[in-house]
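A quick write-up on the structure given underneath.
The values are calculated or read from the model by the stated rules, or taken from the named source; none is laboratory data. None of the values given here were measured: they were computed from a predicted structure. All Cβ positions, glycine included, derive from the backbone under ideal geometry; neighbour counts span all protein chains shown. The accessibility values were calculated without ligands, DNA or RNA, using every heavy atom of the protein model including side chains. Shrake-Rupley method; radii C 1.70, N 1.55, O 1.52, S 1.80 Å.
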Amino acid sequence: MGDYRELARRRLPRQLFDYVDGGSFAESTLAANVADLAGIRLRQRVLRDVSGLTLSTNVLGQALSMPVVLGPVGLAGMLATRAEVQAARAAVSAGVVFCESTVSICGIEEVAAAVTDPVWFQLYVMRDRSYAEDLMSRAAAAGCPVLVLTVDLATVGSRYRDTRNGMSGAPSLRSTVLRGLDLGLHPTWARDVGLRGRPHTFGNLEKAVPGAVSPTDFQAWVDAQFDPSVTWDDLDWVRRHWPGRLVLKGILDPDDARQAADRGADGVVVSNHGGRQLDGTPSTIRALGPVVDAVGDRLDVLVDGGIRSGLDVVKALALGARACLLGRAWAWPVAAGGERAVAHALSVIRDELRVALSLTGVTDVADLDRSALASAPGH
Ligand SMILES: Cc1cc2nc3c(=O)[nH]c(=O)nc-3n(C[C@H](O)[C@H](O)[C@H](O)COP(=O)(O)O)c2cc1C
């Protein structure tokens, strides 16, 4: 995965690489997500018959060839030509599911039409509830079985790399010139995305953000539109408009997980938004265990944050997750080489998962539990 990150760094304009790579404030939670996973030791077991392995699972009613979901990544279509379509194709070919972000470049209809299996839809709630209601109808009409409601964006965590690169904050003449130069110095990106990847509009938000994507206007729009007054009671409103399964993404606290279960959610994603929101929160792998203990028998608990390999997936499942969402682990490959690179990254993750299962002596992902770990920080 480090190779794909490096390829993405070379290929993307700096502002876009930093947008993907960066986190909020001092990026300490971003670093902890990765470091705490790396700190977990697996328990090697030998002389067990591991000739037949089962990697497949069922998550929120959907059969997956391995416990991996391509999580929502906003603006992905600025990383590669129609990147959401490319990634969804790679996901479906690999037998896993793609989750479309509200703030994607390709609209949900374009993505759904490009693949044979259903995709999931991620929703941000906006002050003008009619946008969200419209999006829920569109996602349902496009055949999405699962709505992932992201609940950790009551306000945007300050991402200083974006501010420095002119991706957020008030634009100045200097930042506009530097951004233009940055784009011009990356001709492959300019050809593939700048020209072939058009239109650069928000495919799900044509009414709310008409015209081409401008990250600075978009930030202002997020600040003006994302609704910080959303509460648990609003889940009833979502339920009235959403016929399918409902997952809350951005849960870190067991009390919040219990509320989610009490309010009838079908699943939660233990997530700190990839370290992009509240810096200083625990890593998700540390937060996972207490959430599983609180609600693991009532709903599907998924996790994301720092998942870069099949070994990380095994660690997360051993701590009780049903599946892992990938963020940067598909964003870097798609930026580096489109659909083929995402397909390759998924095949590498699958191989790593196979090896990790074989050498921990576990033959079915469903049998993974804490006994597969030699040590885990905080547990
Ligand atoms: C570039 C980028 C854009 C993202 N956009 C969204 C988004 O639109 N909606 C959302 O719910 N989460 C979004 N996320 C968070 C991811 O869904 C996921 O929680 C996070 O990336 C997991 O951490 P990881 O990247 O370390 O795997 C985004 C993450 C990144 C890196």
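For the chain, the relative contact order is 29 percent, taking Cα pairs closer than 8 Å that sit 6 or more residues apart in sequence and dividing their mean separation by the residue count. Per residue, the chain exposes an accessible area of 40 Å² to a 1.4 Å probe, with every protein chain left in place.
In vacuo Debye scattering of the chain, one point per C-alpha: log10 I(q)/I(0) at q = 0.08, 0.09, 0.11 Å⁻¹? Debye curve over Cα of the chain, log10 I(q)/I(0) at q = 0.08, 0.09, 0.11 Å⁻¹: -0.37, -0.48, -0.73. For residue 232, the accessible surface of its heavy atoms amounts to roughly 60 Å² (probe 1.4 Å, protein chains only, rounded to the nearest 10). Given R0 = 41 Å, the distance between the Cβ atoms of residue 56 and residue 158 translates into a calculated FRET efficiency of 0.50.
The figure for residue 177 is an accessible area of roughly 80 square angstrom, using a 1.4 Å probe on the protein chains alone.
Can you pull the percent of the stretch 226-313's accessible area that's carbon plus sulfur, 1.4 Å probe, other chains left in place? Percent of accessible area from carbon and sulfur atoms in the stretch 226-313: 46. Under the criterion of Cα pairs below 8 Å and six or more residues apart, the relative contact order for the stretch 1-92 equals 16 percent.
Just order 11-17, 308-314, 293-299, 250-256 by mean Cβ neighbour count inside 10 Å, highest at the front, would you?
Ranked by mean Cβ neighbours within 10 Å, highest first: 308-314, 11-17, 250-256, 293-299.
When every alpha-carbon pair in the stretch 25-74 is counted, what percent end up more than 18 Å apart?
Working: 803 of 1225 pairs.
It works out to 66 percent of all Cα pairs.
Rounded to the nearest 10 degrees, the angle from helix 215-225 to the longest Cα principal axis of the chain is 70 degrees. Checking the a/c ratio against 1.5 first, then a/b against b/c, what shape does the Cα gyration tensor give for the stretch 203-277? Prolate, since a/c reaches 1.5 and a/b exceeds b/c.
Counted over the chain, the DSSP beta bridges are approximately 20% antiparallel. If you take the alpha carbon atoms of the stretch 317-379 and fit the smallest convex hull around them, that volume is 103 Å³ per residue. Each other residue within a Cβ distance under 15 Å of residue 203 adds +1 if Lys or Arg and -1 if Asp or Glu, for a net charge of -2. With the convex hull drawn around the C-alpha atoms of the stretch 86-148, the volume per residue stands at 70 Å³.
To the nearest 20 debye, what charge dipole does the chain have about its Cα centre, counting +1 at the Cβ of each Lys and Arg and -1 at the Cβ of each Asp and Glu? Walk me through the numbers on the way to the answer.
Working: 40 positive and 43 negative charges, 220 e Å.
For this selection, approximately 1060 debye.
Equivalent-ellipsoid semi-axes for the stretch 300-342 (Cα gyration tensor, √(5λ), whole Å, largest first): 23, 9, 7.
Remark: C-alpha extents of the stretch 106-202 on the principal axes read 44, 33, 19 Å, sorted largest to smallest. Summing +1 for each Lys or Arg and -1 for each Asp or Glu among the other residues whose beta-carbon sits under 10 angstrom from that of residue 273 gives 0. Taking all protein chains as shown and a probe of 1.4 angstrom, residue 223 keeps an accessible surface of around 90 Å².
What do you get for Rg/Rh over the stretch 250-379 if you use C-alpha atoms and the Kirkwood form of Rh? Before the final figure, lay out the partial values.
Numbers: Rg = 15.1 Å, Rh = 15.3 Å.
For the stretch 250-379, the value is 0.98.
When the alpha-carbon atoms of the stretch 118-166 are used, the pair Rg, Dmax equals 14.2, 40 angstrom. Calculated on the alpha-carbon coordinates, the convex hull of the stretch 163-203 measures out at 82 cubic angstrom per residue. Computed over the Cα atoms of the stretch 26-157, pair by distinct pair, the Kirkwood hydrodynamic radius stands at 17.0 angstrom.
Once each part is reduced to its C-alpha centroid, what is the distance from the stretch 1-78 to the stretch 162-212 in angstrom? The stretch 1-78 and the stretch 162-212 have Cα centres separated by 26 Å. Computed over the stretch 29-176, relative contact order equals 15 percent, with contacts defined as Cα pairs under 8 Å that lie 6+ residues apart.
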